[in-house]
């Protein structure tokens with residue numbers, strides 16, 4: 001049963017985020033992309049601080065693991081994901097999002113690719129570098145989602161939804177850039193879907209590895225939390241820190257709170 005939940009959860013996070021991104025890449029729905037950045041940041045932070053870390057500390061207390069050890073892993077985890085980011089393996093190709101997704105005077109987000117930037121990347125590998133970065137990231141996400149499911153099914157659901165929300169806006173930008181790079185633009189969605197499906201592969205590996213190391217589950221949960229915290233603070237929130245009108249700022253805050261509210265509602269559901 002748990003294996004099935006992990007497979008379904010990772011498919012929702014991996015493939016679901018790609019297909020939702022394909023819908024959002026259309027001109028009709030592109031205005032929601034900017035809001036998703038705020039929603040994702042709220043969901044990631046709430047999942048880390050309200051769900052993953054409390055669960056990790058509760059299980060650590062039962063296994064006589066010190067709080068200092070967990071905080072040390074949290075610190076090392078943040079530094080580790082920073083180094084992966086520097087190596088362009090955790091968010092490779094996402095730097096173009098800072099310019100691709102922006103709000104106009106009416107608060108509507110528009111997504112576009114810089115042609116010169118896209119062609120430069122095309123000469124460097126035809127989009128395979130972007131797909132490699134997405135695949136590595138997806139594999140890591142799958143392992144972290146599996147760890148959350150093995151701790152608690154509802155916690156796994158919260159982690160899967162948090163991953164999906166933060167991957168959607170990135171995949172929107174990836175689709176735009178890949179369509180600029182590839183000779184056959186229609187193949188962009190298929191290739192990005194294959195990269196997203198690696199999330200399930202990571203989930204299967206995570207099910208085997210984390211399951212065999214059940215005593216270290218609190219540490220896996222802390223690593224997952226460090227990933228979510230790093231993505232929210234280093235990747236998403238900086239994209240939101242720009243001068244906006246009061247109305248646009250209010251919308252950002254409301255979407256941020258909405259992301260936190262979704263995670264809180266999952267917590268209430270768990271209690272019942």
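Just so you know, all these numbers are worked out from the coordinates, no wet-lab data involved. Owing to the predicted nature of the structure, the values given are computational and were not obtained by experimental measurement. Backbone-built Cβ (ideal geometry, glycine too); neighbour counts: all protein chains shown.
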**Asked** Which order results if 32, 81 are arranged by neighbouring Cβ count within 10 Å, fewest first?
**Response** 32, 81
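I'd like to compare 58-64, 195-201, 155-161: which one has the highest average count of other Cβ atoms within 10 Å, and what's the full order after that? It would help to have the intermediate numbers written out before the result.
Numbers: 58-64: 12.4, 195-201: 23.6, 155-161: 25.9.
In descending order of packing, they fall as 155-161, 195-201, 58-64.
Could you please rank 66, 193, 227, placing first whichever residue has the fewest other Cβ atoms within 10 Å of its Cβ?
66, 193, 227
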**Message:** From the Cα trace of segment 142-254, what convex hull volume per residue do you get, rounded to a whole Å³?
**Reply:** 125 Å³
**Asked** Using a simple spin-label model with points 7 Å from Cα along the Cα→Cβ vector, what separation in nm is obtained for residue 76 and residue 244?
**Response** 3.8 nm
**Complete:** So for segment 7-74, using the alpha carbon gyration tensor with a ≥ b ≥ c as root eigenvalues (a/c under 1.5 gives rounded; past that, a/b versus b/c decides prolate or oblate), I'd call it prolate
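As a footprinting exposure proxy, order 243, 191, 51 by other Cβ within 10 Å, with the fewest listed first.
Working: 243 6, 191 19, 51 28.
Result, fewest neighbours first: 243, 191, 51.
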